[in-house]
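These notes are about the structure you will find just below.
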Amino acid sequence: GALRGARRAAAVATVRNEGSYALGVMSQMLRFADGAPSCAADNTAVTFTSASDKQQTIFSCTGDRAIASNSARLTSTKVETQSCSITCSPIGDEVSVVFTLFPAGATDSIIDSASVTFDSQVDVRNFR
């Protein structure tokens, strides 16, 4: 009843917050990448040079169902990725990031109602 509804609402809020945060970080850094990003052949990662510190950065869909920046998680252990794809346009001027998150440890019925898909097409401004 009401308690289950409240728990589901809290779980969806966590998923939305974490997904929005991860997508925001990725979009911002990719938009201002120094040069063209390079995507992995299996569509699970993108490597680029960060404009702020000129260091190589890798955003990836990890094996433990997380979104990561280098080795640091962008999503917490409270959520898991159901699907995740990071693709680059052929010439590297655009990166597509699409992932679906759900509450960690959720049952199938909750996953269906509490999963949220995040999708962004990032134009790389300093592409050359």
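Side notes on the structure shown:
- Residues in region 23-66 that are of a type in the set (A, V, I, L, M), over 15 Å from PHE118 (Cβ atoms) and in a helix (DSSP H, G or I): MET29 only.
- Filtered by the rule that a residue be among the hydrophobic types (A, V, I, L, M, F, W, C) and under 17 Å from VAL46 (Cα atoms), region 67-107 gives ILE67, ALA68, ALA72, LEU74, CYS84, ILE86, CYS88, ILE91, VAL95, VAL97, VAL98, PHE99.
Rundown of residues vs (1) of a type in the set (D, E, K, R); (2) crowded, with 17+ Cβ neighbours inside 10 Å; (3) modelled with pLDDT of 95 or more; (4) over 21 Å from ALA13 (Cα atoms), yes/no style:
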| position | (1), (2), (3), (4) |
| --- | --- |
| ASP64 | yes, no, no, yes |
| SER69 | no, no, yes, yes |
| PHE102 | no, yes, no, no |
| GLY105 | no, no, no, no |
| ASP112 | yes, no, no, no |
| GLN121 | no, no, yes, yes |
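- Residue ID - surrounded by the most Cβ atoms within 10 Å (Cβ to Cβ), chosen from residues in region 33-49 that are in contact with a Ser or Thr (Cβ under 8 Å, 6 or more places away or on another chain) and more than 15 Å from ALA68 (Cα to Cα): PRO37
- Number of the exception - THR57 against (1) without any contact (Cβ under 8 Å) to a residue 40 or more places away in the chain; (2) under 12 Å from the mean Cα position of the chain (by Cα); (3) crowded, with 17+ Cβ neighbours inside 10 Å: (2)
The values are calculated or read from the model by the stated rules, or taken from the named source; none is laboratory data. What you see is a predicted model; the values in this text were computed from it and never measured. Note that each Cβ is placed from the backbone with ideal geometry, even for glycine, and that neighbours are counted across all protein chains shown.
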